[in-house]
């Protein structure tokens, strides 16, 4: 076992990223309707914020080519991806404009809703916070959907899954 201790900074950004990768996270795909149509982004920086009112957050990189669309959207859906949706999550990570591989429909607010996800949080923008090289978007949850199944997990650059308890 090799242990590394360091102070995070520009020269240690790769090591800092590797350390962050030790924490396994769920995989989500966030969707909204932009000027050119539906757009998606694969995100693992998702968390609950409050039960009353119902608030969740996710983080958007400022250098993302999808920053303009998501930083200005007022309605979006956060999809918790099932293990069998790994390929779909990867495709949205590469190209957020191509929905040809997805089964989806728009809701009354224009939010693209993906089929077969484990959970979906349909949100309206509640607040945004500048945070270094990211923007934290806090959404007020308007509608929730969830089902049983294995969740898609990402840790140390690899995907895996966990089953629901029996």
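What follows draws every value from the coordinates through simple rules; no lab data is involved. Keep in mind that what you see is a predicted model, and the values were worked out from it rather than measured. Virtual Cβ from ideal backbone geometry, glycine too; neighbours counted across all protein chains shown.
So here's what we get for this one:
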| item | result |
| --- | --- |
| Flag if residue 148 is in contact (Cβ under 8 Å) with a residue 40 or more places away in the chain and either over 16 Å from the mean Cα position of the chain (by Cα) or closer than 18 Å to residue 41 by Cβ (or both) | no |
| All positions within the range 129-145 that are without any contact (Cβ under 8 Å) to a residue 12 or more places away in the chain and outside any strand (DSSP E or B) | 132 |
| Count of residues meeting criterion [crowded, with 21+ Cβ neighbours inside 10 Å and assigned to a loop (DSSP other than H, G, I, E, B)] in the range 106-128 | 3 |
| Some residue of the range 131-147 being within 17 Å of residue 25 (Cβ to Cβ) and buried (at least 19 other Cβ atoms within 10 Å of the Cβ) | yes |
